[in-house]
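A quick write-up on the structure given underneath.
The values are calculated or read from the model by the stated rules, or taken from the named source; none is laboratory data. Model, not experiment: these values are computed from the prediction. Positions of Cβ are backbone-derived with ideal geometry, glycine not excepted, and every protein chain shown enters the neighbour counts. To get the accessible areas, we keep the full protein, side chains included, count just its heavy atoms, and leave off ligands, DNA and RNA. Shrake-Rupley method; radii C 1.70, N 1.55, O 1.52, S 1.80 Å.
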Amino acid sequence: MTFLNCGNRRDCTGFALVASLIIGIIAAFLQITAVFTLTSIFSIVAFGIAVVYLLAVLLTTAAIHKNQSCNLCCTPLSALLVGIAGTIFAAAILLLISFPATSVIGAIFVGALFFFFALTISSTLCFVRCLLNCER
């Protein structure tokens, strides 16, 4: 599976993936050094946003599928769905298991949560851009 398969030289989804990865690494580093600690409220909010996003994407794609073929938007849609699923699973793990503030495994899950949440937001921008047929 490739994220850079579009005919354009600059693919939005590839940039979204790289930016989300950087955000996830920074969040994991800040968590393990105890610069910030993730509270359970953020995990609950991220979980809720991801569920609402999933419902919104379902309704949007159902409406689009009736009107037009959306084969060119499969890459940003796939990244969006991966981001939503990853956010839901990472938030659920962080809510179910209590990790110490400087735990390596806890920092990995916090980094994963931030990565998937950032991927959800940035791939949404790419998906909307694709739906509007913006070439550049």
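For (1) part of a helix (DSSP H, G or I); (2) not hydrophobic (A, V, I, L, M, F, W, C), each residue gets a yes or a no:
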residue: A91; (1), (2): yes, no
residue: G111; (1), (2): yes, yes
residue: T120; (1), (2): yes, yes
residue: C126; (1), (2): yes, no
residue: N133; (1), (2): no, yes
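Looking across region 112-136, the residues that are among the aliphatic types (A, V, I, L, M) and either under 15 Å from D11 (Cβ atoms) or modelled with pLDDT under 90 (or both) come down to L119, L125, V128, L131, L132. For region 95-111, filtered to residues that are hydrophobic (A, V, I, L, M, F, W, C) and at pLDDT below 85, the residue that is nearest to L38 (Cα to Cα) is A101.
Screening F109 against (1) touching a residue at least 40 places away in the same chain (Cβ under 8 Å); (2) in contact with a helix residue (DSSP H, G or I) (Cβ under 6 Å, 6 or more places away or on another chain) leaves a single unmet condition, (1).
Scanning region 30-77 for residues that are open to solvent by 70 Å² or more (accessible area, probe 1.4 Å), modelled with pLDDT of 80 or more and assigned to a loop (DSSP other than H, G, I, E, B) yields a total of 1. In region 78-114, of all residues being in contact with a Ser or Thr (Cβ under 7 Å, 6 or more places away or on another chain) and within 29 Å of A63 (Cβ to Cβ), the one that is surrounded by the most Cβ atoms within 10 Å (Cβ to Cβ) corresponds to T87. Looking only at residues of region 8-29 that are over 24 Å from I84 (Cβ atoms) and of a type in the set (D, E, K, R), we find that the one that is surrounded by the fewest Cβ atoms within 10 Å (Cβ to Cβ) is R9.
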